[in-house]
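Below: one structure, written as structure tokens.
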Amino acid sequence: MNTSSTIMNPPRQLAVIEAMSLGLNFNMASEPLTGSLLRTLVHSKLGGRFLELGTGTGVSTCWILDGMDADSTLLTVDNDMRVQNVARRALSSDARVQFFHSEGSAFIDQLCQEGQIFDFIFADTWPGKFYYLDETLALLKAGGLYVVDDLLPQPNWPDDHSSKVAIFLQHMIERQDVMITPLMWSTGLLLATKI
């Protein structure tokens with residue numbers, strides 16, 4: 001068995017979300033390896049507060065929820081209601097998740113103004129990764145986990161994406177407030193813990 005490509009026990013709602021995503025021609029969802037890692041990491045934060053920047057159609061949302069315990073909560077935001085509606089239809093019966101339709105940077109600003117703090121942040125969109133990084137990391141509590149994906153070249157990358165990745169990685173290496181581990185695996189991830 002090739003454990004790097006075989007995911008055991010995918011979330012129950014995943015197949016429905018993937019089918020609806022195909023119907024929208026949405027090809028930017030997180031890969032199963034990334035989802036499995038998110039689920040495992042999330043489970044280490046019992047009773048945690050989780051933030052997902054970039055709901056998409058809810059693939060990663062589904063994996064995060066599958067790792068959360070009953071006392072945890074998840075806020076997830078996306079600026080494209082058309083794709084987020086897939087996640088809402090599939091997952092809104094789960095009382096642990098709240099969906100927000102907003103530009104990522106405006107939502108991050110709002111969370112900062114409210115003094116919100118999270119145990120875990122998954123940044124799967126540009127705000128919170130390529131810009132608004134300082135503000136996003138200010139939302140992470142000490143010992144909290146920050147995860148990003150899509151750091152290895154992908155066929156659907158815009159032309160300027162590789163330069164953004166290089167700048168992001170260099171900035172993360174130079175930061176003094178996080179410990180990082182880049183993972184050249186799946187679509188390319190970075191895992192950071194706030195010091």
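Miscellaneous remarks
- Selection from segment 100-127 of residues that are out of contact with any Asp or Glu (no Cβ under 9 Å at 6 or more places or on another chain) and more than 19 Å from residue 150 (Cα to Cα): 103, 106, 107, 110, 113, 114, 115, 116, 117, 118, 119
- Considered as a group, the residues in segment 108-155 that are within 15 Å of residue 169 (Cα to Cα) and aliphatic (A, V, I, L, M) include one that is surrounded by the fewest Cβ atoms within 10 Å (Cβ to Cβ), and that residue is 152.
- Number of the condition not met by residue 45 [criteria: (1) surrounded by fewer than 22 Cβ atoms within 10 Å (Cβ to Cβ); (2) more than 24 Å from residue 180 (Cβ to Cβ); (3) modelled with pLDDT of 95 or more]: (2)
- Verdict on residue 87 being among the hydrophobic types (A, V, I, L, M, F, W, C), more than 19 Å from residue 191 (Cα to Cα) and buried (at least 23 other Cβ atoms within 10 Å of the Cβ): yes
- Check on residue 104, at positive phi, crowded, with 16+ Cβ neighbours inside 10 Å and not basic (Lys, Arg): no
- Residue satisfying all of: in segment 17-42; over 15 Å from the mean Cα position of the chain (by Cα) and surrounded by 16 or more Cβ atoms within 10 Å (Cβ to Cβ); modelled with the highest pLDDT among these: 17
- Of the residues screened, residue 194 is one that is among the basic types (Lys, Arg), over 25 Å from residue 57 (Cβ atoms), surrounded by 16 or more Cβ atoms within 10 Å (Cβ to Cβ) and at pLDDT 95 or above.
- Only residues that are closer than 28 Å to residue 119 by Cα, assigned to a loop (DSSP other than H, G, I, E, B) and out of contact with any helix residue (DSSP H, G or I) (no Cβ under 9 Å at 6 or more places or on another chain) were counted across segment 145-166, and they come to 0.
- Residue in segment 132-139 that is in a strand (DSSP E or B), of a type outside the set (A, V, I, L, M, F, W, C) and in contact (Cβ under 8 Å) with a residue 12 or more places away in the chain present: no
- Residue within segment 115-124 that is assigned to a loop (DSSP other than H, G, I, E, B), within 15 Å of the chain's Cα centre (by Cα) and modelled with pLDDT under 95 present: yes
The values are calculated or read from the model by the stated rules, or taken from the named source; none is laboratory data. Since this is a predicted model, take the numbers as computed values, not measurements. No Cβ is skipped: glycine too gets one built from the backbone with ideal geometry, and neighbour counts run over all protein chains shown.
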